[in-house]
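Shown next, in structure tokens, is the structure this report addresses.
The values are calculated or read from the model by the stated rules, or taken from the named source; none is laboratory data. Quantities reported herein were computed from a predicted structural model and do not represent experimental measurements. Note that each Cβ is placed from the backbone with ideal geometry, even for glycine, and that neighbours are counted across all protein chains shown.
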Amino acid sequence: EFQGKISGIAKFGIFVRLDETGADGIIPIRSLGREYFDYDQTTNTLMGSETGITFSLGLRVMVRLTEAEPTAGGVAFELISINDEIYKRTGGRRGRGDRPKRMLVKSKRKAAKSKLKARRRRTGS
């Protein structure tokens, strides 16, 4: 985990410069959760449509390294906290829930049909 500051903002992510090493990396938008973020080019900010959280230049952040590409020099981070407040990702993966009963009925009907065909083949030979 590393401390840093937001050094740039784009439609696709947030650029962070680490305090210790001065290395730059990106927090991709997709790693911030399912929330939609509006990018305002004039103020250079990202604003969450559900939570209203706003990312702007100079904010102190704590990040965790998720990817490092030594040959290209690319570094990707995951956001842990903003100004010492833990960041909670919105949404996340949702379960599929219960399957519709009609699907179960269809599959049972199909299985019964194939059993009947198999029986016909055996008795017909």
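Hey, can you tell me all the residues within the stretch 11-22 that are in a loop (DSSP other than H, G, I, E, B) and touching a helix residue (DSSP H, G or I) at 6+ places or on another chain (Cβ under 7 Å)? Even if it seems obvious, please write down each step before you answer.
Keep residues of the stretch 11-22 that are in a loop (DSSP other than H, G, I, E, B), which gives 11-12, 19-22.
12 - this is the single residue of the stretch 11-22 that is in a loop (DSSP other than H, G, I, E, B) and touching a helix residue (DSSP H, G or I) at 6+ places or on another chain (Cβ under 7 Å).
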| task | Would you check which residues across the stretch 23-58 are part of a strand (DSSP E or B), hydroxyl-bearing (Ser, Thr, Tyr) and over 11 Å from residue 10 (Cα atoms) and list them? | result | 54
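So that you can scan it fast, the table gives a plain yes or no per residue for (1) touching a residue at least 60 places away in the same chain (Cβ under 8 Å); (2) out of contact with any Lys or Arg (no Cβ under 9 Å at 6 or more places or on another chain):
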residue: 22; (1), (2): no, yes
residue: 25; (1), (2): no, no
residue: 28; (1), (2): no, yes
residue: 45; (1), (2): no, yes
residue: 48; (1), (2): no, yes
residue: 54; (1), (2): no, yes
residue: 58; (1), (2): no, no
residue: 63; (1), (2): yes, yes
| said: Just checking, does the stretch 59-76 include any residue being among the charged types (D, E, K, R), modelled with pLDDT under 90 and not in a strand (DSSP E or B)? | reply: no
